[in-house]
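Okay, so here's the structure we're looking at.
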Ligand code: URA
């Protein structure tokens, strides 16, 4: 057994222990394993949901017609073209204050795409997503279900440039930037998506007004791709009691991948 694998198993064992001792945060709220797997199989055959009662500008930005507008990446754009386009993008005001565009990390033949919110200071400095404390915690948790950016995971954000002072992204910034994410998903073709934090979860589910706690623990469908929404790793650092819920969502993600 190599060192990386035994560390992952040790981390998984610790999380399992936490799960056992603090029961009320931890049970999978809505789905049994069988129900989740049924939904995944069905989602591969069905078109995306048409319910728009909780959707609006954010979902339009991802799946709507602006994808084809002249200033947005076209559905024929190659990965290299898309990346080059993003790295020189001036579609919103964030271009003025950024140091680096943060396009992605990880492998392009990934089985999982993790989607976060927006770069912070460390990411702006390096041009890579999730390299600060939250990113290190994310890597540790992903490793417990045998996922890593080196081998099988692609990581990116809804917004590719740092909002000044780490403020929340504005709707117009999300609208300008999200066609990049749309095309990234089309090109990477992950087996499953993991949205971390409410910005990514709301955008990709189209449920703009729904609290993250009500979206986690189940398998959603983004354009035929199974989607799991969970807490942002930075929120876990502030609220450690959510860590087990996050880990349960990772278990669900693993089940989805294993059922594919
Ligand atoms: N938080 C995010 O959502 N993305 C990053 O890349 C870093 C922190």
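Every number here is computed from the coordinates shown, using simple stated rules; none is lab data. It should be emphasised that the depicted structure is a prediction, and the values quoted were computed from it without experimental measurement. In this analysis, Cβ positions are derived from the backbone assuming ideal geometry, glycine residues included, and neighbour counts consider all displayed protein chains.
For the reader, a short list of remarks on this structure follows.
- Using a simple spin-label model with pseudo-atoms 7 Å out from Cα toward Cβ, residue 259 and residue 78 lie 3.7 nm apart.
- On full extension, the segment bounded by residue 96 and residue 187 gains 30.0 nm, given 0.36 nm per residue less the C-alpha separation.
- Extent along principal axes [Cα atoms of the range 121-169; Å; largest to smallest]: 34, 18, 17
- Given R0 = 51 Å, the distance between the Cβ atoms of residue 126 and residue 223 translates into a calculated FRET efficiency of 0.95.
- Cα centroid separation - the range 74-95 against the range 169-238, whole Å: 20
- For the range 169-260, the Kirkwood estimate of the hydrodynamic radius, built from every pair of different alpha carbons, is 13.8 Å.
- Approximating the spin labels as points 7 Å out from Cα along Cα→Cβ, the residue 88-to-residue 209 distance works out to 4.3 nm.
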